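Everything below concerns the one structure shown next.
Please treat every number below as a calculation from the coordinates, not as lab data. From a predicted model like this one, the values you see are computed outputs, not experimental measurements. Here the Cβ positions follow ideal geometry from the backbone for every residue, glycine too, while neighbour counts run over all protein chains shown.
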Amino acid sequence: MVFAASGPNAATGTVTFTDSSNNVLATGTLSEAATRGIAFHSQAIVEWSPTVVGPITITATYIPFAGWTTSSSTKTYVVTANQTPAATPTPWPQSAKYTPPASGPVNKGQTLKLELGSEAGTDTGQKITWKITSSKKKCSLEFPSNGDVKLKIKKKGVCAVTGTAPQFGGLWAPYSISLRYHAK
């Protein structure tokens, strides 16, 4: 069985893989790799052979060398007599480069910036697709030439909008945000 733990931005440190009884199965040192199209990516890959058939819960714990925060992730696998499953890294969450205004009350006629042209997309460079999910009579999306994404509140009532970006490189989870503005 091969376990892989990965992280962004060329992190350094070790990853310890333990079972549900806290037995250390393997420890790997993070090394920089250019995999799946990500230039600065660190990974630790170790091999381990299961000794029992059935479910096993594995926890990967990241212990940083410097400047990083300890973290962990847990997955359960089922080992069968004729099969040894390969572990797949848990995708890291993406985040938007710019944080739009939080859901809540707004004024009719107000324009909200959902993205700034200079800070558009996610931290992995994915384009965020915006969509109005409530009545389009109450609000509209605007895309000026400077790259901003704006939401114009046209009428009183609820304006709901979502922003999504696709999964990236198998290592980054899809990005999604839902916002609801209530115009007075």
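Annotations for the structure displayed:
- Computed label-point distance, nm, for sites T74 and H182 using a 7 Å Cα→Cβ extension: 3.8 nm
- Long-range HN-HN contacts of D148 with modeled amide H, under 5 Å: G117
- Cα gyration tensor shape of the range 104-183, rounded if a/c is under 1.5, else prolate or oblate by comparing a/b with b/c: prolate
- Exposure proxy shown here: for Y62, Y77, the number of other Cβ atoms within 10 Å sets the order, fewest to most, as Y77, Y62.
- Annotation: amide H of S103 within the under-5 Å range of R180, sequence separation 5 or more or interchain, hydrogens built in the peptide plane.
- For the range 137-153, backbone nitrogen atoms closer than 19 Å to the point 7 Å from K127 Cα along Cα-to-C-beta are found at 141-151.
- Working from Cα pairs under 8 Å separated by at least six residues, relative contact order for the range 122-184 is 32 percent.
- Taking a straight Cα-Cα cut-off under 19 Å and skipping sequence neighbours fewer than 8 places away in the same chain, the lysines within cross-link reach of K152 are K108, K113, K131, K136, K137, K138, K184.
- Full extension of the chain segment joining W92 with Q167 gains 26.0 nm, where the gain is 0.36 nm per residue of separation less the Cα-Cα distance.
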